[in-house]
Amino acid sequence: MISDQLNRTSVRNYLPKRIEKSKINILKKIINASPTAKNFQCFSAIFITDKITKEKISRINWNQKHIIEAPLVILFCADNNRIDMCTKKTTHTNEEYIWAVVDAAIAATNTVNAAIELGLGTCYLGGIRFQADTIAKTLNLNGCITPVLGLCVGYSSKVIIKRPKINKCYDSKYSLTKVKQEMKLYDQLMHKYYKKVFKKDYTFTIVNKKSIDNFDTIRNKRILKNQFKIK
């Protein structure tokens with residue numbers, strides 16, 4: 001299990017092979033067994049296998065082909081509908097949204113760990129948050145629920161070159177000086193990676209700056225206000 005975790009990569013190429021029902025049922029059991037803050041049960045997971053729906057999600061998520069190729073796509077949603085049924089609330093705080101997002105992320109992580117053990121590959125989908133209103137209409141997400149994370153699951157069709165990793169662990173105290181030093185080294189490592197895999201003169205800094213600059217934060221705030229009813 002530890003070796004599998006250390007060698008995990010994002011899988012974006014899948015075999016045209018269905019996942020056995022027994023394995024899908026195990027993933028569902030793992031998700032239902034995932035911990036939630038204060039036992040609020042603030043997340044839900046939507047299992048998608050039909051091609052038409054996957055094509056719609058792919059178009060929403062920058063036309064990524066691995067969404068269509070993967071035999072299974074799971075959308076993890078921040079879901080406060082159960083709380084609302086208990087409290088009759090109609091609006092929510094940022095803290096309640098964070099609870100739900102963390103619950104969903106923990107469930108997604110547990111699912112990835114289980115999928116690896118079952119011989120399956122996975123790839124997280126983070127972009128769905130920025131088209132959450134469109135996805136809500138597609139998947140009948142009514143009430144106080146919004147997708148926060150997607151996951152492609154299936155059998156990998158190729159050997160994937162593992163990306164270099166950066167240190168994120170510090171003993172006793174955090175050190176911004178050490179982070180800056182590590183960033184310089186990581187830019188060098190990622191430049192070699194991008195050059196080898198994509199034939200591009202990219203670095204970690206360049207790629208992430210482009211990604212951040214392209215985020216539509218105003219749209220995202222509007223979606224949260226309307227879909228998740230944040231004050």
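The values are calculated or read from the model by the stated rules, or taken from the named source; none is laboratory data. Because the structure is a prediction, the values reported are computed rather than measured. Neighbour counts run over all protein chains shown; Cβ positions are idealised from the backbone, glycine included. The area values use the complete protein model at the heavy-atom level, side chains included, leaving out ligands, DNA and RNA. Shrake-Rupley method; radii C 1.70, N 1.55, O 1.52, S 1.80 Å.
Using a ≥ b ≥ c from the Cα gyration tensor of region 127-217 (square roots of the eigenvalues), is it rounded, prolate or oblate, where a/c under 1.5 gives rounded and otherwise the larger of a/b and b/c decides, a/b for prolate?
It is prolate, given that a/c is not under 1.5 and a/b is the larger ratio.
Dipole size in debye (nearest 20) for the chain around its Cα centre, Lys and Arg Cβ +1, Asp and Glu Cβ -1? Before the final figure, lay out the partial values.
Working: 41 positive and 18 negative charges, 123 e Å.
Using Cβ point charges on Lys, Arg, Asp and Glu, the chain gives about 600 debye.
Annotation: lysines with alpha-carbon distance below 28 angstrom to Lys88 (same-chain offsets under eight excluded): Lys38, Lys137, Lys221, Lys225, Lys229, Lys231.
Taking square-rooted eigenvalues a ≥ b ≥ c of the alpha carbon gyration tensor, is region 170-231 rounded, prolate or oblate, where a/c under 1.5 means rounded and, failing that, a/b exceeding b/c means prolate? Don't skip to the end; give the middle numbers.
Details: a/c = 3.83, a/b = 1.51, b/c = 2.54.
Taking the square roots of the gyration eigenvalues as a ≥ b ≥ c, region 170-231 is oblate.
Phi angles of region 70-75 translate, via the Karplus equation with coefficients 6.51, -1.76, 1.60 and θ = phi - 60°, into HN-Hα couplings of 5, x, 9, 10, 10, 9 Hz per residue; Gly and Pro are given as x.
Scanning the chain for helices, which whole DSSP H stretches are 30 Å or more long along the axis (Cα) and average -1.0 or more by Kyte-Doolittle?
Span-like helices, by this rule, are 94-117, 176-198.
Taking a straight line from the alpha carbon of Lys184, these lysines sit under 20 Å away, with near neighbours fewer than eight places off in the same chain left out: Lys162, Lys165, Lys168, Lys192, Lys195, Lys196, Lys200, Lys209, Lys210. Judged by the mean number of other Cβ atoms found within 10 Å, the most tightly packed of the peptides 18-24, 203-209, 131-137 leads the ranking 131-137, 203-209, 18-24.
For the pair Asn167 and Lys200, label points projected 7 Å from Cα toward Cβ lie 2.8 nm apart.
Name the residue from Trp62, Tyr155, Met190 whose Cα lies farthest towards the positive end of the charge dipole of the chain, charges +1 on Cβ of Lys and Arg and -1 on Cβ of Asp and Glu. Going by the Cα projections, it comes out as Met190. Stretched out straight at 0.36 nm per residue, the stretch from Met1 to Thr177 would grow longer than its current Cα-Cα span by 60.0 nm. So what's the net charge close to Lys184: Lys and Arg +1, Asp and Glu -1, counting the other residues with Cβ under 15 Å from its Cβ? Once all neighbours under 15 Å are counted, the net charge is +1. Once R0 is set to 41 Å, what does the formula 1/(1 + (r/R0)^6) return for the Cβ-Cβ distance between Thr93 and Asn140, expressed as a FRET efficiency to the nearest 0.05? My answer for the efficiency is 0.95.
The figure for Asp84 is an accessible area of roughly 20 square angstrom, using a 1.4 Å probe on the protein chains alone.
For a quick check of your reading of the filter: which chymotrypsin sites (Phe, Trp or Tyr not before Pro) in region 1-74 sit in a DSSP loop and have no more than 16 other Cβ atoms within 10 Å?
On the way: sites: Tyr14, Phe40, Phe43, Phe47, Trp62; in loops: Phe40, Trp62.
Sites meeting the loop and neighbour criteria: Phe40, Trp62.
Computed from the alpha carbon positions, the gyration tensor of the chain leads to an equivalent ellipsoid with semi-axes of 29, 24, 19 Å, biggest first. With the cut-off at under 11 Å, measuring from each backbone N in region 133-159 to a point 7 Å along the Cα-to-Cβ line of Val207 picks out no residue. Across the protein chains, with a 1.4 Å probe defining accessible surface, the residues Tyr155, Tyr170 rank Tyr170, Tyr155 from largest area downward.
Peptides 185-194, 143-152 ranked from most to least packed give 143-152, 185-194, packing being the mean of other C-beta atoms within 10 angstrom over each peptide's residues. In this view, the solvent-accessible surface of Lys162, computed with a 1.4 Å probe and all protein chains in place, comes to about 80 Å².
With the other protein chains left in place, how much accessible area per residue, in square angstrom, belongs to region 28-172 at a 1.4 angstrom probe? It would help to have the intermediate numbers written out before the result.
Numbers: 7160 Å² over 145 residues.
It amounts to 49 Å² per residue over region 28-172.
Here each label is just a point 7 Å from Cα along the line to Cβ, and for Asp133 and Ile26 those points are 4.1 nm apart.
Here region 14-70 is assigned +1 on the Cβ of each Lys and Arg and -1 on the Cβ of each Asp and Glu. Its dipole about the Cα centre then comes out at about 80 debye.
Each of Thr90, Thr138 has its accessible area taken with a 1.4 Å probe; listed largest first, they run Thr90, Thr138.
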